[in-house]
Amino acid sequence: MQDASPTKLLIVDDLPENLQALDALIRGPGREVFRAGSGEEALALLLQHDFALAIIDVQMPGMDGFELAELMRGTEKTRQIPIVFVTAAGKELNYSFKGYEAGAVDMLYKPLDPRAVKGKVAVFVALYEQREAMRRQVEALEAARREQEATQAQLQHALMMRDEFMSMVSHEMRTPLNTLYLETQLRKMQLERGNMAAFGPDQLQRMVARDDRQIQSIIRLIDDMLDVSRIRSGKLSLRPGWVELSGLLRRVVQDLTPQAAVAGTSITLDAPTPVSGWWDEFRIEQIVVNLLTNALRYGCQQPVTVTLTVRPDNARVDVRDCGAGIAPENQAKIFEPYERGVGSEGPAGLGLGLYISRQLAEVHEGSLTLESKPGEGAVFSLTLPRREAPPAK
């Protein structure tokens, strides 16, 4: 906790010798004294600083002490500053009343009694310091309350995210598992009936293909969850090697062409220039598959285009769809974990693909960016640096 600022005191008198004498009386440890030779100078200081007390000479040329006090009482910043008037006039009753009516909390008469001056100033300084200490305590309590509310909100959000995640995992895992279970029950029934014709070569081939699809779906879900765990724990590592990117793209597009046909669309590849880089082939393929899968899912059955652009220092893969596009306020959000787009034609998944893909791109010291306008589709751009392989150890 920082030390409290010094307590500031203001003395106002048109005579320098009076200012010097009063300064010597009230100055002390933890106090800072400001002098003003006129009402105008005092106003300038009052607007710059927060004072615990203002000691003002009543009789000054130009703006006198009563006029200065009236101005102070009319300004929000200076309204609460205690005012002590100093006067050489006698202790006539009506003169004191005038001082108190102007807003003074006390009157001092010349010649000043040093002990009386010190005692009065000490009282006002103590009151001010107690008030400031209480204000700081209130501010600290308020800050602690806000921090507690923020922590509670973060905790509630984390619990909500956990519940949503568990719900999504349960849903996404249940779909392929239910299919496998029903297939198993069907085969069990056929075996119990002795219907071996149901297990002919063609039927078996279809069974194996269906099983493989469901098992691969479960494996992908588990791999995504493991990747997120590795990313968050800082344990995601790469196994780089020389990768020829145009060939990798041709292979991925060829593998996903049947999926595109089922979705009622097609994938076009424009990658005429071979380019090699020191990358993790498995992870780069994972990024491209995620981008193409999203494009097929959200592309409104319109063609998807993959373009490879080769530059001296990097290679860029653009995956463009002609779907509904993504609103500007959602473009950063879709790269967050467990965020899923709307309008997909199939199961939404866990919403981890783009999050993992961006993290993988950044681990390669590259980037994954998005350009999109509502109604004009979306372009996801994977940029990978081209560099030499590290020297052998």
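Where a number appears in this text, it was derived from the coordinates with a stated rule and is not lab data. If you're wondering where the values come from, they're calculated on a predicted model, not measured in any experiment. Cβ: placed from backbone, ideal geometry, glycine included. Neighbour counts: every protein chain shown.
Quick look at the numbers
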| read-out | value |
| --- | --- |
| Two-site FRET efficiency, ARG230 against GLN156, from Cβ-Cβ distance with R₀ of 30 Å, rounded to 0.05 | 0.65 |
| Nearest-ten-degree value, helix 201-233 long axis tilted from longest Cα axis of the chain | 20 degrees |
| Gain upon complete extension [PHE335, ASP23; 0.36 nm per residue less C-alpha separation] | 105.9 nm |
| Helix axis angle, 39-48 relative to the chain longest principal axis, alpha carbon, degrees | 20 degrees |
| Count of lysine pairs in the chain with Cα separation under 25 Å (8 or more residues apart, or interchain) | 17 |
| Listed residues GLU40, GLU132, GLU362, most fluctuating in the chain (Gaussian network, C-alpha, under 10 Å) | GLU40 |
| Where labels lie 7 Å past Cα in the beta-carbon direction, separation of GLU70 and GLN190 in nm | 10.6 nm |
| CD proxy at 222 nm, helix term only [per DSSP H run n ≥ 4: -39500 (n - 2.57); per residue of the chain; nearest 500] | -17500 deg cm²/dmol |
| Estimated distance in nm for a label pair at LEU177 and GLU362, the labels positioned 7 Å out from Cα along Cα-to-Cβ | 3.2 nm |
| Per-peptide average of other Cβ atoms within 10 Å, ordering 315-328, 69-82, 281-294 highest first | 281-294, 315-328, 69-82 |
| GLN80/LEU238 FRET efficiency (R0 56 Å; Cβ-Cβ; nearest 0.05) | 0.30 |
| Under-5 Å amide H pairs with ASP280, H placed in peptide plane, nonlocal only | GLY241 |
| Degrees, to the nearest 10: 16-26 long Cα axis against longest axis of the chain | 70 degrees |
| Debye log10 I(q)/I(0) at q = 0.08, 0.15 Å⁻¹ for the chain, Cα point scatterers | -0.65, -1.30 |
| Distance (nanometres) between label positions extended 7 Å along Cα→Cβ at ARG250 and GLU32 | 7.5 nm |
| Difference of contour (0.36 nm per residue) and Cα-Cα distance, ALA197 to ASP163 | 7.7 nm |
